[in-house]
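Accompanying notes for the structure given below.
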Amino acid sequence: MSDPINLIANWLQGLLLGLGLSVGLTKIILSFVGAVVVATIGMLTVIFLIWLERKIAGRIQDRLGPNRAGPYGLLQPFADVIKILTKEYTTPDGADVVVYNIAPIMAVASVLLIWAVIPFASTVVGTNLNVGVLYIMAVGAFGLLSILMAGLSSNNKFALLGAFRSVAQLISYEIPMVVSLLMPVIFARSMGLVDIVEAQMPWFIILSPLAALIFIIASMAEVNRAPFDLMEAESEIVAGFHIEYSGMKFGMFYVGEFLHVFTVGALVATLFLGGWRGPWAEQYPILGLIYFYIKTFVGYFIVAWVRLTVPRIRIDQMLDFNWKFLTPLSLVLLIITAVLDRVLVLVNSERWVYSLVMFLANILIIWATVEVLKKTTSKPKRKEFPMRPVAMAPETSTSTEPSS
Amino acid sequence: MFGSINTSMILAILPEIMLFILAGFVFVFDLVWDDSQRRNLGWISAGGFSLIIMISLMLGTPGSDSGLVWGGMLRHDWLGFAFKMLFLFGATITALFAMDVEDLGKKGEFYLLLIFSTLGMTLMASSSNLIMLYLSIEATSLPLYILAGFFKDDDKSTEAGFKYFLFGAMASAIMLYGFSLLYGFSGTTDLDAIAGVIKAGGMNPVLLVGTLLMILVGFGFKISAVPFHFWAPDVYEGAPTVVAGFLSTASKAAGFTVLIRVLLTSYAPASDTWMMVLAIISTLTMTLGNTLALAQKNIKRLLAYSSIAHAGYILIGVVAISELGITGSIFYIIVYLITNLAAFGIVSVVGRITGSDEISAYDGLSRRSPWLGLAMLVVFLSLAGMPPFGGFIVKVLVLASAVKAKLFWLAFVGILNSIIGLYYYLIVLKHVYLYRSENEQVEIPVTRPYAIGLIVLTIGIILLGVVISPWFNVSTIAAKVLF
Amino acid sequence: MTTELILFFSLALIAIITGLGLLISKNAIYAALYLVLNFFTIAIFYLLLGGAFIAMAQVSVYAGAIMVLFLFVIMILGAEKLGKSNTVAWQRPVAIILSIILLIEAGYVLFWRTAPVQAAQTLPDGFGGPASIGNVLLNNYLLPFEITSVLLLVAMIGAIVLTHKQKTDKEV
């Protein structure tokens, strides 16, 4: 019973083969079933996530959050789903109907595609692609395309503005994200996510905390979460690219966003927090699945936490932050990590020496960055107002002035 | 750690490495200097180029084995090396000429792009692999597109840059298609290995000619041979004069290097098929260039058509497919580079003062500035192929090679064209020496960088025509590589 | 084998249809989206051939970066609808003749090839993987690889030079 998922898969395979189907066809059917199960679990998780996030938001903002429908308000998202499903679909005049309707589907699909390569446990993985990291980047492009398509086809200037912003933001933040993804690749000597998880002894967040940090920040920008939610900034462009969408079409974007955040959590867990690794995870893969989910929720919580505490930044700040800070920093980190790795492998250092040196190098870079920032950033000058008494006698009466 | 990289590999790309370092210097100085000092970037670039020539001549001369280096990407031989030095010389002079051009001489980007373009050319000269060849051609062209359109506020310059870019991109796309077909049919990107496949009859003759024609589109564009010459007059006219000079000399020489190398290594076994094609192109190029030059009123356009015509003469040597022919072509390229650089240098000097590139602006130049007039006389007589200047001896060489290869008609066309050429070159000289103009009293000042460059070039033209043997020997050594 | 054949032909059909769609469609956005699909299909071809790295690079570079910028430019220019194209009169017949020649050439190569088709060899382990590509790229093809970086640098400098507005005294 240690590996129920493969148990079920094997049983299903036996059943299908027993029906007289060929081996190839069985394989195809099983792959289909696996994909459907993963996608469904992902979608179902979102319903829970919406509740969770609203609860967290409530706590952070000193309110209760949903608490009416069901115990602890657990049924609230279901009520929302029913409501959203019954809404009317509107299509604006002059919209490009085909593109307009494909966009929300692509928004969800682009996120679900990432799940194909994530190893959930030591024995449960969609496909062990040897270029998994690159695959994540490639698939992420479709999310960007979907936003562009939505913005373009809506025939609405706010939607178009949102799409403009999305291009500027997503393409920019892809660069530090890709570079920070290279750190686990260097450590694991492989681009496959399965290999990366198996090589995490210790976790890569210890080897390169800076890379993890950059990845989380860049990912937050990639999923359009505050403080990077410029493309749907309510106070400026109403709702951005999905302004014209209603009903479940809007719901798809909504689901896509939440799922994407959850996926980011899964990626953080896989790349930096050791994936399914944990005590006895290899003997009992089901434990690995649980570890993986816990770690994913940690990643998810971080993103939600930041979203709820940091206000939205301006567009120029967003670009400055990326091009003048994150990108150079990630490049410096990449160069130093690569050179150190080469040297440490040459001298045949032990694993713990390797980890320690990498960790110290990261700490050093962080320290140097903070020092440089302290020196170079010009703080907005705090205006010094002279202390004044709250009430003062009228100046006309000169006699009250003390003579010196 | 660096086990696979040895000294000979480093020496093979010594000029390239040094060019890269030079680019770094220009980058840094451009950053730290203010506007009043930036003109000195020209001195740094020119000095750097000539230093690179000297160091390369001392350390980087290829040995007798002329082996492949860098995983078969480059061939370190005399053909490549001689041309590398030539490009570097051209870049030196161009940097000198650019220093006093308004809006150009104080721009670090100009020198940077010049260096990168030269870097691409040096790699073009020695590349022996299709991938390397294509990338180095692009690395040469891309900076030149930008340089041609460098004056953003000048419509003509913008047009020149855009025209050059569009035409170049198209030609390069067709050439790349030819390269990819060549790779697809021969199964290798190595120039020598392709020759082996062709020799073994591994390629269908139809496809062979097809790929050859496609590749010739790209090369023909670089050397501005008919029918890929349309861009040349407009680009030369619109681009900054120094850039036009660089385009018509170093860039064209680079085009000839790869043309000679690819045709005589990869396509050598199929020389019968391309000889006729090239002979026709050569005839058309000469004739069209010279006849259209007759009608020009603008000196830069005239020089553009004259440079098209010269490409035709150089092709005669290639068509002969003999050691003498290639020697003649290489020698011709050397002479042509030096002469045409001087021509564009003079145009730049005069254009700075008169603000016009019309031939009528040259009226009475000999009285306004006798030394400039003399330089112009030397340059144009050399272009026309008069003894005792360099232009004479090389024309004799290529025509002799054509006669030796029993291509009498080609030699005849060449001679006929030289006569036409003489006519319009002399017309320009007539403006310089015989015509008078109102502002004869206004002198044309020649600043120091111009003076240095023009003196070096003029002496070079005379030396090339009088002391022949060293140049001839170098050309022969370079040509021997291919046979 | 048959599954692969079915896969190949269906993908080939999609590739051709999207390619045609790109050419024929009057709407620039549709053309761009057809091109994305086309790139994606070709990426799947690479995957079938065992070149996962190339496939992913194809998707992330072309579909991800280049096409997004295409769409961005279309958006900024507002050039979705192509106006009446002012083609040269002889353009269409010449194009048709040239494409027929290309087709004949392709057919000629396909049916009258000189060398016999060699049986597919089994690929070495890790062929087309990131490690082997990296090895080839940084050993045999080191120089072209470096030159590409120079090219990109030049392109960047060029973009800045040609678009950067110089502050002249008049404007200040």
Check: Karplus couplings for segment A:98-113 from phi (6.51 cos²θ - 1.76 cosθ + 1.60, θ = phi - 60°), rounded to Hz, Gly and Pro as x?
Finding: 4, 4, 4, 8, 6, 3, x, 5, 5, 4, 6, 4, 4, 6, 4, 4
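State to the nearest 20 debye the size of the charge dipole of chain A about its Cα centre, where the only charges are +1 on K and R beta carbons and -1 on D and E beta carbons. Each step should come with its number before you reach the end.
Working: 28 positive and 26 negative charges, 111 e Å.
Roughly 540 debye for chain A.
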Checklist line | Low-density loop positions, chymotrypsin sites (Phe, Trp or Tyr not before Pro), segment A:1-87 - DSSP coil, at most 10 other Cβ in 10 Å | finding: none
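Extension gain B:Glu358-B:Phe412, at 0.36 nm per residue separation less the Cα-Cα distance, in nm? Before the final figure, lay out each step's value.
Working: separation 54, 0.36 × 54 = 19.44 nm, distance 3.24 nm.
Working it through step by step, the gained length comes to 16.2 nm.
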Check: Could you state the principal axis extents of the C-alpha atoms in chain B, from the largest down, to the nearest angstrom?
Finding: 70, 57, 42
Notebook entry, point to check: Could you give the length gained on full extension between A:Met201 and A:Leu308, defined as 0.36 nm per residue of separation minus the Cα-Cα distance, in nm?
Noted result: 35.2 nm
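What dipole magnitude, in Debye to the nearest 20, does the protein assembly as shown give about its Cα centre under +1 on Lys/Arg Cβ and -1 on Asp/Glu Cβ? List each step's numbers first, then the result.
Numbers: 62 positive and 60 negative charges, 71 e Å.
Magnitude of the dipole: close to 340 debye.
Other chains' Cβ within 10 Å of C:153-160 residues: what's the mean?
Working: counts 6, 15, 5, 0, 9, 12, 1, 2.
Mean partner-chain Cβ count within 10 Å for C:153-160: 6.
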Next item on the list: Before anything else, pin down the relative contact order of segment A:268-369: Cα pairs under 8 Å, at least 6 apart, normalised by residue count, whole percent.
Entry: 17 percent
Next item on the list: Please arrange C:Phe72, B:Phe246 by counting, for each residue, the other beta carbons lying within 10 Å of its beta carbon, fewest first.
Entry: C:Phe72, B:Phe246
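Under 12 Å from the Cβ of B:Phe116, count the other residues' Cβ atoms, weight Lys and Arg +1, Asp and Glu -1, and hand me the total.
Around B:Phe116, the surrounding residues sum to -3.
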Margin query: Need one number: nm distance between label points at B:Leu213 and C:Leu138, each 7 Å from Cα along Cα→Cβ, rounded to one decimal.
Written below: 4.5 nm
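Report the extension gain between A:Arg388 and A:Val81 in nm, rounded to one decimal, defined as 0.36 nm multiplied by the number of residues separating them, less their alpha carbon distance. Please report the intermediate quantities before stating the final value.
On the way: separation 307, 0.36 × 307 = 110.52 nm, distance 5.80 nm.
Separation in residues times 0.36 nm, less the Cα-Cα distance, equals 104.7 nm.
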Margin query: How would segment B:270-483 be classified by its alpha-carbon gyration tensor: rounded, prolate or oblate, with rounded meaning a/c under 1.5 and the a/b versus b/c comparison settling the rest?
Written below: prolate
Next item on the list: Would you kindly compute the Cα radius of gyration of segment C:1-82 and its largest Cα-Cα separation (Dmax), both in Å?
Entry: 14.2, 48
Notebook entry, point to check: Farthest toward the dipole's positive end in chain B, which of B:Thr249, B:Val467, B:Phe29, given Cβ charges of +1 (Lys, Arg) and -1 (Asp, Glu) about the Cα centre?
Noted result: B:Val467
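To the nearest 0.05, how large is the calculated FRET efficiency for C:Leu153 and A:Arg59 if R₀ is 45 Å and r is the Cβ-Cβ distance?
Details: r = 51 Å, r/R0 = 1.12.
Efficiency computed from Cβ-Cβ geometry: 0.35.
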Notebook entry, point to check: Which Rg and Dmax, in Å, describe the Cα atoms of segment A:156-239?
Noted result: 16.4, 51
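What FRET efficiency would be calculated for the residue pair B:Ile10, A:Arg342, taking the C-beta separation as r and a Förster radius of 25 Å, to the nearest 0.05?
The formula returns an efficiency of 0.75 here.
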Checklist line | Stokes-Einstein diffusion coefficient of segment B:90-226, Kirkwood radius over Cα pairs, 37 °C, 0.692 mPa s, in µm²/s | finding: 199 µm²/s
Notebook entry, point to check: Where does the Debye-calculated log10 I(q)/I(0) of the protein assembly as shown sit at q = 0.07, 0.08 Å⁻¹, using only Cα point scatterers of equal weight, no solvent?
Noted result: -0.78, -0.97
Notebook entry, point to check: Just in segment B:359-416: which trypsin sites (Lys or Arg not before Pro) are loop by DSSP and have at most 12 other Cβ atoms within 10 Å?
Noted result: B:Lys406
Margin query: Could you tell me which residue out of A:Ile171, A:Val372, A:Leu319 lies farthest along the dipole of segment A:89-374 toward its positive end? Charges go on the beta carbon: Lys and Arg +1, Asp and Glu -1, centred on the Cα centre.
Written below: A:Val372
Next item on the list: Let me know the longest stretch in chain A that avoids all trypsin sites (Lys or Arg not before Pro) found in a DSSP loop with at most 14 other C-beta atoms within 10 Å.
Entry: A:190-313
Notebook entry, point to check: If you line up the long axis of helix A:76-85 against the longest principal axis of chain A, both from Cα atoms, how many degrees apart are they, to the nearest 10?
Noted result: 80 degrees
Checklist line | Relative contact order %, segment A:1-86, counting alpha carbon pairs below 8 Å whose residues are six or more apart | finding: 16 percent
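Across the residues of B:197-206, average count of Cβ atoms on other protein chains within 10 Å?
Working: counts 1, 0, 0, 0, 2, 2, 2, 6, 1, 4.
That works out to 2 on average.
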Next item on the list: Determine, from the Cβ-Cβ distance of A:Lys27 and B:Ser271 and an R0 of 51 Å, the FRET efficiency 1/(1 + (r/R0)^6), rounded to the nearest 0.05.
Entry: 0.35
Next item on the list: Take the Cα radius of gyration of segment A:1-86 and divide it by 2.2 N^0.38 Å, with N its residue count; two decimals is plenty.
Entry: 1.65
Notebook entry, point to check: Given charges of +1 on the Cβ of Lys and Arg and -1 on the Cβ of Asp and Glu, with all other atoms neutral, how large is the dipole of segment B:270-483 about its Cα centre, in debye to the nearest 20?
Noted result: 80 debye
Item checked: Pair C:Leu98, A:Val298: separation of 7 Å Cα→Cβ label points (nm) -> 6.1 nm
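Once you order the gyration tensor axes a ≥ b ≥ c over the Cα atoms, which shape class does segment B:374-424 get: rounded for a/c under 1.5, otherwise prolate or oblate by comparing a/b with b/c?
oblate
For chain B, what is the relative contact order in percent, using Cα pairs closer than 8 Å and at least 6 residues apart in sequence? Show your work: numbers first, answer last.
Working: 791 pairs, mean separation 69.9, N = 483.
Relative CO of chain B lands at 14 percent.
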Checklist line | For segment A:89-374, the Rg and Dmax computed from alpha carbons only, in angstrom | finding: 19.8, 68
Check: Can you work out ³J(HN,Hα) from phi for every residue in segment A:117-134, in order, using Karplus 6.51 cos²θ - 1.76 cosθ + 1.60 and θ = phi - 60°, giving whole Hz and x for Gly and Pro?
Finding: 10, 7, x, 7, 8, 4, 10, 10, 8, x, 9, 8, 7, 7, 10, x, 5, 5
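Read-outs throughout are calculated quantities, based only on the coordinates presented, and are distinct from any laboratory measurement. Note that this is a predicted model, so its numbers are computed, not measured. Note that we place each Cβ from the backbone using ideal geometry, even for glycine, and neighbour counts take in every protein chain shown.
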